[in-house]
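The values are calculated or read from the model by the stated rules, or taken from the named source; none is laboratory data. Just so it is clear, the structure is predicted and the values come from calculations on it, not from any experiment. Every residue, glycine as well, gets a Cβ built from its backbone with ideal geometry; the counts of neighbours run over all protein chains shown. The area values use the complete protein model at the heavy-atom level, side chains included, leaving out ligands, DNA and RNA. Shrake-Rupley method; radii C 1.70, N 1.55, O 1.52, S 1.80 Å.
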Amino acid sequence: MTQKPETYDAIVLGAGAAGLFYAGQAGAMGLSVQVLDHSGKPAEKIRISGGGRCNFTNLGTKASNFLSRNPHFAKSALARYTPSDFLALMERHGLSWQEKTLGQLFCDQKSGAIIQMLLDEMKAMGAVLKLGIEIIAVRHTDSVFHLDTSQGPVKAQRLIVATGGLSIPKIGASSFAYDLARHFGHEVITPEPALVPLTFEGQIKEQFASLSGVATQVVARAGEGRFEEAMLFTHRGLSGPSILQISSYWSAGEEISIDLFAGRSGAEALKALKRDMPMKSLTKALEAVLPKRLTEHLAGTGLLPDWPRLADVSHADLEALATTLSDWRLKPSGTEGWRTAEVTRGGVDTDGLSSKTMESRKVPGLYFIGECVDVTGWLGGYNFQWAWASAYAAAQASFESQF
Ligand code: FDA
């Protein structure tokens, strides 16, 4: 006997940050919602985020903190659901937070508390969550979405795709959103790993490996990206916040630039060393500014001239060296890839979506929210804020489309 499909106002695919948040919001407006996920546990990325404390938003969130082929796309949704709105929700659930650097907010009660809050919200609003379920086929006929799943058929007037990007496949990431988008005639901008360590090959890889664990404040640049934050040497290359940030702007084959004076005047810094330590060698004196192991490495690779006494060095030579050290050019061989990337850049092309509602311009009732959309935030809580804001926009639109 054919199983009769369960019927909902909205089916959400993906029980991650965006999908769970949508379910709570749409449920609160009276829509019947079912959330389906192929994983056995919901929102695993929230659980592992922010070192287990979930950097759930950034107080300074603006559209310019995101990469997208259309830099204006995120503006409307971000304006209508702000970090303060999410803080109000957390307060209602008795959760508190700490601000770390640069407006980044972390949950005092850890990531699990945020997941529980999202689950409590959606359940209180009557939404249903089904885990460990495979989506076998999706059809859109007579303005209704029909889904075949491993647990039988289900149908709804609205389909909300919130299956995220490709990073960290071992906790359930899949290309589902991109495949479905293409199936319904959408363009997909090539997904690539972002917020990811950069790797090097050959001699330079070995040299960096010997510096593994050394960290220093820099200004790192790639393409249009420029970030003043820490850089960390690793066994495979470079990491740390400044490198993760520029990885989103880096393309294979390009050079990156590192300012070892972290935005300060290198010439002034070197002249001050000459004034304060005239009898010291350049390598020794630089240890006042840079980690010792790094200065030794720079000397070993010939980047630092062999100046035994700074007193003997002309200001012109110091200025030339400052130029070199504030624009240290390196050519990464690649990135650590999907295994460690925090996010995916690229995704469902925003040209095919309404920026106000996240609804498809091609298929009424089909929505894409969260990371699967070509909107990629910087490191620092922006990606979760996008998940909340895009889900909120879609939930509002789902409610309004009932009338
Ligand atoms: P998300 O990935 O959260 O959810 C997608 C869901 O869809 C998953 O539950 C998955 O199982 C499910 N799914 C996938 N394919 C499916 C299929 N075929 N069928 C059914 N279900 C399917 N951001 C931030 O702002 N602050 C932070 O601190 C961090 N930290 C962080 C650390 C690490 C290690 C990572 C990997 C990522 C972060 N991020 C972050 C990024 C953040 O986690 C990410 O941007 C959001 O979780 C995206 O939310 P979504 O709901 O779009 O996807």
Rolling a 1.4 Å sphere over the protein heavy atoms, what is the accessible area per residue of the chain, to the nearest Å²?
42 Å²
Rg to Rh quotient for region 198-335, alpha carbon positions, Kirkwood Rh
0.98
If each Cα of the chain is one equal point scatterer, what is log10 of I(q)/I(0) from the Debye formula at q = 0.06, 0.11, 0.12, 0.15 Å⁻¹?
-0.30, -0.80, -0.91, -1.25
Run down the aspartates and glutamates and flag those whose C-alpha is under 20 Å from the C-alpha of Lys100, throwing out any fewer than 8 positions away in its chain.
Asp85, Glu91, Asp108, Glu228, Glu229, Glu342
With a cut-off of 8 Å between alpha carbons and a minimum separation of six or more residues, what is the relative contact order of region 313-403 in percent?
23 percent
Once phi is turned into ³J(HN,Hα) by the Karplus curve 6.51 cos²θ - 1.76 cosθ + 1.60 with θ = phi - 60°, what whole-Hz value does each residue of region 44-49 show in order, with x for glycine and proline?
5, 6, 5, 4, 8, 6
Scalar couplings 3J(HN,Hα) for region 186-200 by Karplus 6.51 cos²θ - 1.76 cosθ + 1.60 (θ = phi - 60°), nearest whole Hz, x for Gly and Pro, are 8, 7, 10, 7, 2, x, 9, x, 9, 6, 9, x, 9, 10, 9
Determine the alpha carbon to alpha carbon distance for each of Lys4/Lys155; Lys62/Lys110; Lys4/Lys362 and list only those over 21 Å.
Lys62/Lys110; Lys4/Lys362
Fully extended, how many nm does the chain gain between Asp317 and His140 (0.36 nm per residue separation, minus their Cα-Cα distance)?
56.7 nm
Return the long-range amide H neighbours of Ser248 (sequence gap of 5 or more, or a different chain), with a cut-off of under 5 Å between placed amide H atoms.
Leu195, Val196
Spin-label pair Thr340/His235, simplified geometry with 7 Å Cα→Cβ offset, distance in nm:
1.0 nm
Report in % the part of the accessible area of the chain that belongs to carbon and sulfur, leaving out ligands and nucleic acids; probe 1.4 Å.
50 percent
Number of Lys pairs in region 198-335 with C-alpha atoms less than 24 angstrom apart, excluding same-chain neighbours closer than eight positions?
10
When the chain is treated as a Gaussian network with springs between alpha carbons less than 10 Å apart, the largest mean-square fluctuation among Ser257, Ser111, Ser84 is found at Ser84
What does a probe at Ile48 reach in region 166-199, counting residues whose amide N is under 19 Å from the point 7 Å along Cα→Cβ?
166-177, 192-199
For region 198-335, the dipole about the Cα centre with charges only on Cβ (Lys and Arg +1, Asp and Glu -1), to the nearest 20 debye, works out at 300 debye
Before anything else, pin down the relative contact order of region 198-335: Cα pairs under 8 Å, at least 6 apart, normalised by residue count, whole percent.
30 percent
Across Asn58, Asn70, Asn383, the residue with the highest GNM fluctuation in the chain (Cα network, 10 Å cutoff) is Asn70
